[in-house]
Amino acid sequence: MNSDLGADMCQLHNAAFDHIELNALFEKHVALPKISPEDQRTKVYLNPGASVVPGNPFAPSIHGDSPEYSWILYLDDLLTPSFFTGGDYENYPLIPPISYKWKVKKGFSLFASKVRDGDVYYDESYTDLNELQLMNSREKVAFLVESLSPGARVNVRLKDFTVSERPSRTPATPRKPTSDPCLRKQNVDGYDFDFDPDWVDTTLEEPEWVSVSTAGLAAPIKANSTLFQAYAANFLAIGIPLIKRICKTPKAAAGGIGLPLQYTMRPKFGRHYHSWRRGDYLWSAHFPWPRHFLAFANSSLAERNVLYRELLAADELKDVSITLGDAIFCGSFIGGRNAPILRPQGYSCEFILEMIAAGIIEVAEKEMTIRFTEGGRILHNVLSSCGFEDLQSQFSHDTTGLIPFEKTKELEVAILSHFIAMKSAAKAYYADPESYAVDKEKASA
Amino acid sequence: MTDLAVEQEFDLKAYLKDLSTIPLIDNTYRPATLTLVPGSINKKEAIETAKSIGTDAILFERQADKAPYEFYPMLVDQPYEWRFSRFGRTAATLSNRTFVYDELVDPKEACISSRLQAGLIMHTFQPGVKFPVRLRSPEVVYQTMTGEELAATAAVVGRFHASYVANFLVIGMKAFFTLGMVDPGSDNIDPLGKLSPSASAAVTVAHSRTWATKCHLWTAYYDFMSVLFGMKRSTMNQRRMLYDQFTTTESFEDLKITIGGSIVSGYLAGTGRYTPAVKRTNFHSFVAELLVIGGACLDTDLQEIRLTDFGNKVAETFAALDDQDMMLKWYDPSVCMPPNIPADRATYVDEWLLEYFTTMKAIADKL
């Protein structure tokens, strides 16, 4: 599909927002909360700027530290994607602008003031994260700085993915604080704090810092972010209500479908389950959700038995090996002869847990397996006409999962077309739910 | 049916009796208690001073494959022999000691064979004496048992394992050679250097080659045929994924492979009809074994690990033996860990073994 047509379609759909002040809604959507006057008086005495690194902290977490003493800001703890949820059902599908929101509950103004008032250092030198995860981190830095200090440049040390023919398959693992480059930098700059010299690996050659613009930093991931946030916004508006209606999630929450005790006893497993019930559909709104939903629909009994065992045995979400439907192999995605193998992104279990929470699939304790609920089967019937597979194949570009910027418009059109189809399917279901009822005998066979 | 009744010059009864014992050479008094545990911990520690020791460090599986071809298929309980380096000294230091058997020291170690080993040691040195044992099961059980009683808890699996391996080494390998198995000693599996450069990949392949050259023991393990038939049934995506794993994975120890529907994420899952699926740690070793004996190859054009003509020929020749639920159908679902076959299913297992290898022998004899 040519890009002109794509642009036209976007304008067409976004034009529907004119009467509700689209720009005002979008502007409100992209703004980070302002810094209060009280926060501006706070003295940032440990660090005149901010040193930000990708991923999550190993220890200590900024959640546990007083903001004054946090000189390293972990991006995944600072910001999280903010999916557009404005407007009415009739206004969807649409393509909203990219936005993030503060993830930290307390002290974000102080972090913001650090970023606003001083130089920002962003360091990828020692991370284990993969290319896509790092590109997402870069965009977060760019968004953070651009929101708080428009036009400012960022000092960066970026990982060069062109030097290695074989990017690591290792899923995201926490950084060791022992090799933290920011700690080293702080020490070199003369800031006074104790640190264990054994923490520092002096055999590694330290890369040079370079100054870059926020636009340049975010450019490689621009297409991914635009498309994935657009997908999420539309799925939240169209897909989630459909799931809740068909799978009768609110009713199930009162009793019936639930996580077995073994899962809820492990906090990290229970968290996703409960967050869905609270109305946070973070993972269900992510683009890989339909891949997991379809893979589950196409899975064998043997695969679902193994999924049951893995969910029961693993201590951590990332340790759950998910293999389903000849499409997902231990978290890697593969889709045919010429399709690239997308490396594990460090998540898969989250989608499964949210599907359990939503009442799409259920744990069958006696049979030692995971299976579709009746609602899940109906949902599959309803969504089967929306072209999930086509959409996914268009997004499959290379092993990194990164989408070239020039494909943005073409894929925006694909997303809009997909959600127009989903809206039609939903309308048909709402009009005549009985016609989608699943033949139970056939389903159980 | 068995050929046990056939009168031959070979004394089968004496042979089987010999397999069931381990020689004693000393009766030196040792008062200390020795804790026997699964695995091979303290393998290098002086056994005189060790307070605990892995049973694998003391005994080694012995293969019952030395009887004439006509005697197979046969059924045999799991035989053991002293690990060569400890022979003599071990026997001397184990005499008159008090034993404890504990499976909870290292939950990751397989504990079926260790029950057989510990039971045999206890029975050999202190027949009829009850010792404290702690077994791994859904509920941790503390009890006292004689060596015979302990060994009996794993006897069916042990018998299945020993009988399968022995019969395969004699019948299966004969057929493999007839069908044109390549020399496992040749370094031909990765001429283009595509295999992962990691040390663990090299170790895996080297192990496979060593075993294949020495005695084909890994080919004779029942998981080997599961992998072979799995490869035959595999989808293109599965073969591509396998190629990707073998050419890029840094840690082969953590490799979890999926082939042919019955092997999923490193689990033996069968058709799915029988639960629970059983976790295995070494399916990748059997893929390496297939590569080493020329049954599979790294196809760089298709980016797949696929069966070779030889591999396909073996899979097609023995297609009648493809039983995806082997083992799983005998396990007791109420005993999830360790996967164990209850004693009351021994008859079914024996019948299955004899039928399986009678069929294999009939096919092999026609080649």
query: Among the candidates B:Asp323, B:Asp344, which residue alone is in a loop (DSSP other than H, G, I, E, B) and of a type in the set (Asp, Glu)?
result: B:Asp323
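May I ask you to verify whether B:Ser262 is at the interface with chain A (Cβ under 7 Å from one of its Cβ atoms) and of a type in the set (S, T, N, Q)? Before you say what the answer is, go through the steps one by one.
On the way: at the interface with chain A (Cβ under 7 Å from one of its Cβ atoms): yes; of a type in the set (S, T, N, Q): yes.
Against the criterion (at the interface with chain A (Cβ under 7 Å from one of its Cβ atoms) and of a type in the set (S, T, N, Q)), B:Ser262 qualifies.
Quick one: in segment B:222-241, of everything that is within 9 Å of another protein chain (Cβ to nearest Cβ) and buried (at least 19 other Cβ atoms within 10 Å of the Cβ), which residue is nearest to B:Phe160 (Cα to Cα)?
Step by step, filter segment B:222-241, then rank; the result is B:Gln238.
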message: Being at pLDDT below 90, among the hydrophobic types (A, V, I, L, M, F, W, C) and more than 24 Å from B:Phe160 (Cβ to Cβ) is the filter here; which residues of segment B:100-127 pass it?
response: B:Leu104, B:Val105, B:Phe125
message: Can you confirm whether B:Leu290 is buried (at least 21 other Cβ atoms within 10 Å of the Cβ), hydrophobic (A, V, I, L, M, F, W, C), within 11 Å of chain A (Cβ to nearest Cβ) and touching a residue at least 24 places away in the same chain (Cβ under 8 Å)?
response: no
- prompt: Applying the selection to segment A:284-313, what residues are away from chain B (no Cβ under 14 Å) and open to solvent by 40 Å² or more (accessible area, probe 1.4 Å)?
  reply: A:His286
query: Just a yes or no: is a residue in segment B:24-35 open to solvent by 60 Å² or more (accessible area, probe 1.4 Å), at pLDDT 85 or above and not in a loop (DSSP other than H, G, I, E, B)?
result: no
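Quick grid of which residues meet (1) closer than 22 Å to A:Val363 by Cα; (2) free of Cβ contacts under 8 Å to residues at least 40 places away in the same chain; (3) touching a Phe, Trp or Tyr at 6+ places or on another chain (Cβ under 9 Å):
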residue	(1), (2), (3)
B:Gln238	no, yes, yes
B:Leu307	no, no, no
B:Leu321	no, no, yes
B:Asp332	yes, yes, no
statement: Among helices (runs of 4 or more DSSP H) entirely within segment B:99-180, at least 3 residues that are β-branched (Val, Ile, Thr) occur in B:112-125, B:155-167
statement: Flagged in segment A:318-332 as part of a strand (DSSP E or B) and at the interface with chain B (Cβ under 7 Å from one of its Cβ atoms), in numbering order, are A:Phe329, A:Ser332
task: Go through segment A:366-397 and count every residue that is hydroxyl-bearing (Ser, Thr, Tyr), open to solvent by 20 Å² or more (accessible area, probe 1.4 Å) and not in a helix (DSSP H, G or I).
output: 3
- prompt: Would it be correct to say that B:Gly270 is within 14 Å of chain A (Cβ to nearest Cβ), more than 17 Å from the chain's Cα centre (by Cα), crowded, with 22+ Cβ neighbours inside 10 Å and more than 20 Å from B:Ser196 (Cβ to Cβ)?
  reply: yes
task: Keeping to segment B:242-259, report how many residues are touching a His at 6+ places or on another chain (Cβ under 7 Å) and either more than 10 Å from chain A (Cβ to nearest Cβ) or touching a residue at least 60 places away in the same chain (Cβ under 8 Å) (or both).
output: 1
- prompt: Hey, any hits in segment B:297-304 for a residue that's closer than 23 Å to B:Ala269 by Cβ and either away from chain A (no Cβ under 14 Å) or open to solvent by 40 Å² or more (accessible area, probe 1.4 Å) (or both)?
  reply: no
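Might you check whether a residue that is modelled with pLDDT of 90 or more and open to solvent by less than 30 Å² (accessible area, probe 1.4 Å) occurs anywhere in segment B:128-137?
Among the residues of segment B:128-137, at least one is modelled with pLDDT of 90 or more and open to solvent by less than 30 Å² (accessible area, probe 1.4 Å), which makes the answer yes.
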- prompt: Of all residues in segment B:273-287, how many are of a type in the set (Phe, Trp, Tyr) and within 13 Å of another protein chain (Cβ to nearest Cβ)?
  reply: 2
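The values are calculated or read from the model by the stated rules, or taken from the named source; none is laboratory data. Keep in mind that this is a model prediction, so the values were computed, not measured. Here Cβ is always computed from backbone atoms with ideal geometry, including for glycine, and neighbour counts include all displayed protein chains. Only protein heavy atoms, including side chains, enter the accessible area calculation; ligands, DNA and RNA are left aside. Shrake-Rupley method; radii C 1.70, N 1.55, O 1.52, S 1.80 Å.
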